[in-house]
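Everything on this sheet refers to the single structure shown next.
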Amino acid sequence: MVEKYIITSIIIIILFFLFVKEKASRRKSEARYKKLLSQKKSSEVRLGHISETIAPFLESFEFNPEECSFLGKPIDYISFSKEAITIVEIKSGRAQLTKKQRQIRDLIKDGKVYWKEIRIE
């Protein structure tokens, strides 16, 4: 009878160590996944910055680069042509407008853009 308890105890200890080992392995896998995900997002951000920088030199950029001023944040460019002033936001891949960019877009669409001249004496 004692032998059954010893064998059962050994099996329980072995199962416990296997469980602990599996849990540690899972944590390592999750850490690797998070690191890869972080690297992917970082690469996407860098690609976005590169796209913003070279956009005026691409054929698909429909504005004269000499008439554009780069802002960077929260909007990429403002084009000052003779016909219009245009706010230009560059996106690559599946990138979406940020909350701030959507607010700016909506203010422009609602006609809430004003001119203010400030003179310093």
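Only the Cβ atoms of Lys and Arg (+1) and of Asp and Glu (-1) were treated as charged; on that basis the dipole of the chain about its Cα centre amounts to roughly 1080 debye. Note on the chain: with a GNM built from Cα contacts shorter than 10 Å, the maximum mean-square fluctuation among Glu44, Glu62, Glu89 falls on Glu62. Rounded to whole Å, the principal axis extents of the Cα atoms in the chain read 98, 33, 31, largest first. With the dipole of region 31-121 worked out from charges on the C-beta (+1 for Lys and Arg, -1 for Asp and Glu) around the Cα centre, which of Trp115, Ala95, Phe70 lies farthest toward the positive end? Most positive-ward Cα: Ala95. Along the charge dipole of the chain, Cβ charges K/R +1 and D/E -1, which of Ser38, Phe19, Ala55 sits furthest on the positive end? So the residue furthest toward the plus end is Phe19.
Quick one: helix 2-54 against the long Cα principal axis of the chain, what's the angle to the nearest 10°, folded into 0 to 90? Tilt of helix 2-54: around 10 degrees.
On a straight-distance basis, which lysines could pair with Lys35 in a cross-link, Cα separation under 22 angstrom, same-chain partners fewer than 8 positions away excluded? Within the straight-line limit of under 22 Å, Lys35 reaches these lysines: Lys21, Lys23. For the chain, the longest principal axis of the alpha carbon atoms and the long axis of helix 99-109 meet at an angle near 30°. Place a point 7 Å from Cα of Ile87 in the direction of its Cβ. Which residues in region 59-77 have their backbone N less than 11 Å from it? Residues 74-77 qualify, since their backbone N sits under 11 Å from the label point. Which entries in the list Lys82/Lys109; Lys73/Lys100; Lys40/Lys99 go over 18 Å, if you measure between the two C-alpha atoms of each? With Cα atoms farther than 18 Å apart: Lys82/Lys109; Lys40/Lys99.
Ranked by how many other Cβ atoms sit within 10 Å of their own Cβ, fewest first, the residues Val45, Val2 fall in the order Val2, Val45. Inter-label distance, Ser25 to Phe57: 5.0 nm, where each label sits 7 Å from its Cα along the C-beta direction.
Each value in this text was obtained by applying a stated rule to the coordinates, not by laboratory testing. Values in this document were obtained by computation on a predicted structure and should not be read as measured data. Don't worry about glycine lacking a Cβ; one is built from the backbone with ideal geometry, like all the others, and counts go over all protein chains shown.
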